[in-house]
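The values are calculated or read from the model by the stated rules, or taken from the named source; none is laboratory data. This one's a predicted model, so the numbers in the text were calculated from it and none came from an experiment. Positions of Cβ are generated from backbone atoms using ideal geometry, with glycine treated the same way; all protein chains shown enter the neighbour counts.
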Amino acid sequence: MNGSVFILKGNIIYSKSPKEFHICERGYLVCRNGKAEGVYRTLPFRLGGSPIRDFGDSLIIPGLVDLHLHAPQYSYRGLGMDMELLEWLEVNTFPEEAKFESLDHAREAYRIFTENLRQSATTRACVFATVHRPATLLLMDMLEKSGLDTYVGKVNMDRNCPDYICEETEGSARETLEWIRDVLHRNYENTRPILTPRFTPSCTDGLMEELKKLQMRYDLPVQSHLSENPGEIEWVKELCPWAEFYGDVYDRFGLFGADCPTVMAHCVYSDEREIARMKENGVFIAHCPESNMNVSSGIAPVRRFLEEGLRVGIGSDVAGGSTENLFRAMAHAVQSSKLRWRLVDDSLEPLTAEEVFYMATKGGGGFFGKVGSFEQGYEFDAVVLDDSRLAHPQPMDIRSRLERMIYLADEREVRAKFVKGKEICLS
Ligand code: GUN
Ligand code: FE
């Protein structure tokens, strides 16, 4: 028998589809060479000599995937929540992100961000940094050290933002090229670059063209924002009257799926054409329910996306969202879908615990490859949850305990965490 093998013992729960949980009570989860080999009720004889970590009555779930968050915004999470998106960007976001020109500020702010993300149940994330190359590299160094597996983007923006944070088109492209070269030299194991045009209002056509050149030259993925807020969408219509719909802008520049793996955050107001194009191009949607409430954007028709077979994950969107805790994001997704069903459109039933858990694991995990499940061959990202802090007067079944975790868990429940078979230090 070749390769390094270890086994986790506990109550194992994972998804194959949005429809149901797969549960193995007091089971064995086998990791071989960083990949899931199998989940067993009784340990196969051939594995008898392998090391076992017995987590007793704890729950073992796949690591959670945050498909969209902003590392520099972590400092002001929970603040400035009384504005709509565009005003919120001007008043809170741009001044805060400008501070990352200082490496001293970046070092302290990103240290806090990285430590808290490390201690959370998140194992994978798609992260926005700022326009600043040195601070973005520093963030990537820190994330690499944490053992988490991430895509990180130096943000691009060359219009419609204050001078103190606005780039020149050529300068933005040049800095992005330098940043990519710096990243490649660093030979990170778990940290990869992702092109990050902030959103259409921040990027001229010329900059989009430059980014496409870099995308092709280095075969890079892309992340951005799409159809988030009514004011933003009207603005995109004025800026790009030639586009059929908002997402068509990115698509015209070849930055919208197809040969360019893409995550678009929000998609609250995507129309038929935009939904069809995302499906055709395999664009991933990052559903960010708390952010959509906080900056008064709306509620995305997530059930529609799931039913149509679009690729959907969950994003905390810190600091539109106030927390990196993806259990909160899952609960918010269920809760906001209920309000949508009650107040907006009763043809789309509310989301279930099974569906939001799927989105936060295998759904978003698809952007990273075979990630977010314990099916054979999936990368071994696992989180052990000890729910004993939340005592209950009666015995509870495993599904109920997971459902309760979705509503009540935070980093205090995280007892151990593994990324690609390597244990992450939580202390
Ligand atoms: N659209 C453009 N930039 C941002 C941002 O930082 N946060 C959110 N939620 N939406 C955006
Ligand atoms: Fe965002």
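Might you let me know whether region 366-380 holds any residue that is touching a residue at least 24 places away in the same chain (Cβ under 8 Å), assigned to a helix (DSSP H, G or I) and within 16 Å of ligand 2 (Cβ to nearest atom)? Yes.
With region 240-295 as the region, which helices (runs of 4 or more DSSP H) entirely inside it contain at least 1 residues that are farther than 12 Å from residue 228 by Cβ and within 16 Å of ligand 1 (Cβ to nearest atom)? If you could, list the steps in order and put the result at the bottom.
Working: elements: 246-252, 272-281, 289-294.
In region 240-295, the matching helices (runs of 4 or more DSSP H) lie at 246-252, 289-294.
In the set (1) under 25 Å from residue 321 (Cβ atoms); (2) away from ligand 1 (no atom under 15 Å from the Cβ); (3) aliphatic (A, V, I, L, M), the condition left unmet by residue 236 is number (2).
When the residues of region 308-330 are narrowed to those that are in a helix (DSSP H, G or I) and not aromatic (Phe, Trp, Tyr), which ends up nearest to ligand 1 (Cβ to nearest atom)? Going through the qualifying residues, I end up with 329.
Scanning region 203-214 for residues that are more than 16 Å from ligand 1 (Cβ to nearest atom) and surrounded by 21 or more Cβ atoms within 10 Å (Cβ to Cβ) yields a single hit, 210. Testing residue 300 on (1) within 13 Å of ligand 2 (Cβ to nearest atom); (2) not in a helix (DSSP H, G or I), one condition comes back false. Which one is that? Going through (1) within 13 Å of ligand 2 (Cβ to nearest atom); (2) not in a helix (DSSP H, G or I) one by one, residue 300 breaks only (1).
For region 54-71, the tally of residues that are in a strand (DSSP E or B) and within 16 Å of ligand 2 (Cβ to nearest atom) stands at 6.
Here is a yes/no grid of residues against (1) out of contact with any Ser or Thr (no Cβ under 6 Å at 6 or more places or on another chain); (2) surrounded by fewer than 19 Cβ atoms within 10 Å (Cβ to Cβ); (3) within 28 Å of residue 302 (Cα to Cα); (4) modelled with pLDDT of 95 or more:
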residue: 174; (1), (2), (3), (4): yes, yes, no, yes
residue: 189; (1), (2), (3), (4): yes, yes, no, yes
residue: 197; (1), (2), (3), (4): no, no, yes, yes
residue: 220; (1), (2), (3), (4): yes, no, yes, yes
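From the list 333, 353, pick out the single residue that is crowded, with 22+ Cβ neighbours inside 10 Å and touching a residue at least 24 places away in the same chain (Cβ under 8 Å). Within the list 333, 353, the selection yields 333.
Checked across region 320-328, the condition of being more than 16 Å from ligand 2 (Cβ to nearest atom) and of a type in the set (A, V, I, L, M, F, W, C) holds for at least one residue.
Only one entry in 90, 20 is in contact (Cβ under 8 Å) with a residue 24 or more places away in the chain, within 16 Å of ligand 2 (Cβ to nearest atom) and surrounded by fewer than 20 Cβ atoms within 10 Å (Cβ to Cβ), namely 90.
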